[in-house]
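Report on one structure; see the data block that follows.
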Amino acid sequence: MDIEKVRSRFKKHFDGTEGSVYTSPGRINLIGEHTDYNGGFVFPGAIDKGMVAELKLNGTDKVCAYSIDLKDYVEFGFNEEDAPRASWARYIFGVCREIIKRGGKLQGFNTAFAGDVPLGAGMSSSAALESTYAFALNDMFNLGIDKFELAKIGQATEHNYCGVMCGIMDQFASIFGKEGSLIRLDCRSLEYKYFPFNPKGYRLCLLDTLVKHELASSAYNKRRESCEHVVATIAKKHPEVKLLRDATMEMLKEVKDEVSAEDFMRAEYVIEEIQRVLDVCDALERDDYVTVGEKMYETHHGMSKLYEVSCEELDFLNDVAKRCGVTGSRVMGGGFGGCTINLVKDELYEDFIAEAFKSFTDKFGRSPKLYEVKISDGARKLA
């Protein structure tokens, strides 16, 4: 991320002044999809792509914000009725409002920001933006807000000002990220633990299909309903089961005749996926990246055939990865388009990328996009 670009644009836009510079990263999730709302585990890591913002107090009661990438400038106050129209500015406004709701005292500031998290590729550019400003304002105004609350401020911004009812994973990874480590977050208790991720001899990359399916949100809601229906059915016999996290495959098989085939498949995927996260954590503690890769392929199969949230382009890239001997590959994120995440041996990398690009372009008439990522630190002050 080009810090100098942000600094020079800030200076140009705000009369040659200089402020403090902060950054927050996007994230990947190695394994653990659709487990969050079922009380299971997710396994994200912060990446070396993020948002960078410069901020300086301006002596007014207004925020003067400039988006360098969009070349757009907005001013707004701190009251609810001051909400800006521009969707990018609502992220900054929402963070300010959520801090104020928690008793934080803010004053007007000038800010400019830019980012290199690819938009719409499932690396959570919005969480990176929220986390940058939550961290920056907490630091600048000495508010003493703990890191978990900073993540919740970002999540509440999505809920209350951007209309997205997201879980906590994206903001959590952005704030808590640590170079060389992935973080297992228990979505039921919010306990977390760092696991080493230093895949020497491997590279981690995302291949973006550039597919965005319109039906994603309604299909997502249907999957949630399936999970809730299975939980309600199991709970008749096992009242301790409140979420699919609490259920076993044996419990699920007991109710096979009482739920639809579709609901059964959805629950089967989730119960298996929750276990896969634990298996991957164990494998990483042994430096066993072969097992990690096997579990990634199992996740892709489950998301494609049981949870049915993949698409032709994602399945195609997963097949290419298998054919090229890639250690692990799967759809990353909610599905219905987006990226595959791939764990590739160094010596196979160039051939795999060349083959993926050629065969994908031959079949679909366009190239995918490639993003190489490294696991990096979370929100921090740069200058």
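The values are calculated or read from the model by the stated rules, or taken from the named source; none is laboratory data. On a predicted model such as this, the values are computed, not experimentally measured, just so you know. Backbone-built Cβ (ideal geometry, glycine too); neighbour counts: all protein chains shown. Accessible surface areas use protein heavy atoms only, side chains included; no ligands, DNA or RNA. Shrake-Rupley method; radii C 1.70, N 1.55, O 1.52, S 1.80 Å.
Computed values, structure above
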item	result
Residue list for the range 259-284, filter: over 23 Å from the mean Cα position of the chain (by Cα) and open to solvent by 30 Å² or more (accessible area, probe 1.4 Å)	SER260, ALA261, GLU262, MET265, GLU268
Counted residues, the range 96-112 - those being open to solvent by less than 10 Å² (accessible area, probe 1.4 Å) and within 28 Å of SER8 (Cα to Cα)	5
Residue ID - most open to solvent (accessible area, probe 1.4 Å), chosen from residues in the range 40-88 that are free of Cβ contacts under 8 Å to residues at least 40 places away in the same chain and among the small types (Gly, Ala, Ser)	ALA86
Lone qualifier among TYR73, TYR91 - being among the hydroxyl-bearing types (Ser, Thr, Tyr) and over 30 Å from LEU207 (Cβ atoms)	TYR73
Strands (runs of 3 or more DSSP E) contained entirely in the range 289-383, each with at least 3 residues that are modelled with pLDDT of 95 or more and aliphatic (A, V, I, L, M)	337-345
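Yes or no, residue by residue, for (1) more than 20 Å from the chain's Cα centre (by Cα); (2) in contact (Cβ under 8 Å) with a residue 24 or more places away in the chain; (3) closer than 19 Å to SER67 by Cα:
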position: GLY108; (1), (2), (3): yes, yes, yes
position: THR111; (1), (2), (3): yes, yes, yes
position: THR132; (1), (2), (3): no, yes, yes
position: ASN160; (1), (2), (3): no, yes, no
position: GLY163; (1), (2), (3): no, no, no
